Amino acid sequence: MPVALGEAPVNSITYPEGGGASIAGAEQTSTGSGSDAKLDLLAEELVVGKETIETGRLRVSKHTRTREAVVDEGLLRERADVETIPIGRQISEMPPIRQEGDTTIIPIVEEVIHTERRLFLKEEVRITRRRVTERFQDHVTLRYQEAVISRVQSATDQTDSASAQEVQSEDIKE
C-alpha cells in the first residue's frame, strides 16, 4: 500500500457481513454474499529537521589601555660592615671560621720564621650583617585589555533589508 510522505498506516480493519472485524493482512473467509466495507486508518508523523541560519555576525577586538598605579612596598637592603681587628697572639693550630650572632669571624694567620715555626694569629676580620627596611614608593604605568564587541550585518540581513526597501519603493510608486 503506497503511503504519502508524512503518513503511515496504523492498521486496516475490514467489517464482513457477519459482523466482527478483522485486521488487514489476516486471511478472512466470508461465507455470505455481501460487500466488505474497508476502512483505512492513517496517522500523521512529525519529522523535525534543523538547519543553520546566520542571524548576524559579531566582531570582537581588543584595545590595550594604560592606567597609573601606586607601588608602596618595603624593600629589604642588606649591607656588610667589614672590621679588621689586630690580634698579634701566638697559636698552636689553625682556628676555624666561626659565627657570633650576625657576625662571621674569619681568622687570618701567617707563619713567622723563628728558630722554630709557630702559628701567630695576626688579625681577625669581622663581617656583621645589618638589615634595614626602607619604604619605597613610585608611580608605574600598567597595561590592561578590554574586549569590544560590535554587531556586523550578516548576508541574510542584507538581502532582507534590500527586499524591504524594494517593497517600500514599490509602495511609494503606486
message: For a quick check of your reading of the model, give me the residue pairs whose first member lies in region 66-90 and is assigned by TED's automatic domain parsing to the domain that holds F120, whose second is of a type in the set (S, T, N, Q), with beta-carbon atoms closer than 6 Å and at least 6 apart or on different chains.
response: T66/T141; D72/Q137; G74/T133; L76/T133; D81/T128
Scan of region 50-64 for residues that are of a type in the set (D, E, K, R) and either loosely packed, with under 10 Cβ neighbours inside 10 Å or in contact with a helix residue (DSSP H, G or I) (Cβ under 7 Å, 6 or more places away or on another chain) (or both), ordered by number: K50, E51, E54, R59, K62
query: Regarding L76, is this residue surrounded by fewer than 10 Cβ atoms within 10 Å (Cβ to Cβ), assigned to a strand (DSSP E or B) and out of contact with any Asp or Glu (no Cβ under 8 Å at 6 or more places or on another chain)?
result: yes
field: Residue list for region 86-112, filter: touching a Ser or Thr at 6+ places or on another chain (Cβ under 6 Å) and surrounded by 13 or more Cβ atoms within 10 Å (Cβ to Cβ)
entry: T103
- prompt: Taking region 80-101, which residues are among the charged types (D, E, K, R) and modelled with pLDDT of 90 or more?
  reply: D81, E83, E93, R98, E100
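Quick grid of which residues meet (1) closer than 30 Å to V60 by Cα; (2) over 56 Å from the mean Cα position of the chain (by Cα):
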| residue | (1), (2) |
| --- | --- |
| E83 | no, yes |
| G88 | no, yes |
| G101 | no, no |
| V112 | no, yes |
| F120 | no, yes |
| R131 | no, no |
| D138 | no, no |
| A147 | yes, no |
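The values are calculated or read from the model by the stated rules, or taken from the named source; none is laboratory data. It should be emphasised that the depicted structure is a prediction, and the values quoted were computed from it without experimental measurement. For neighbour counting, all protein chains shown are included, and Cβ atoms are generated from backbone atoms with ideal geometry for every residue, glycine included.
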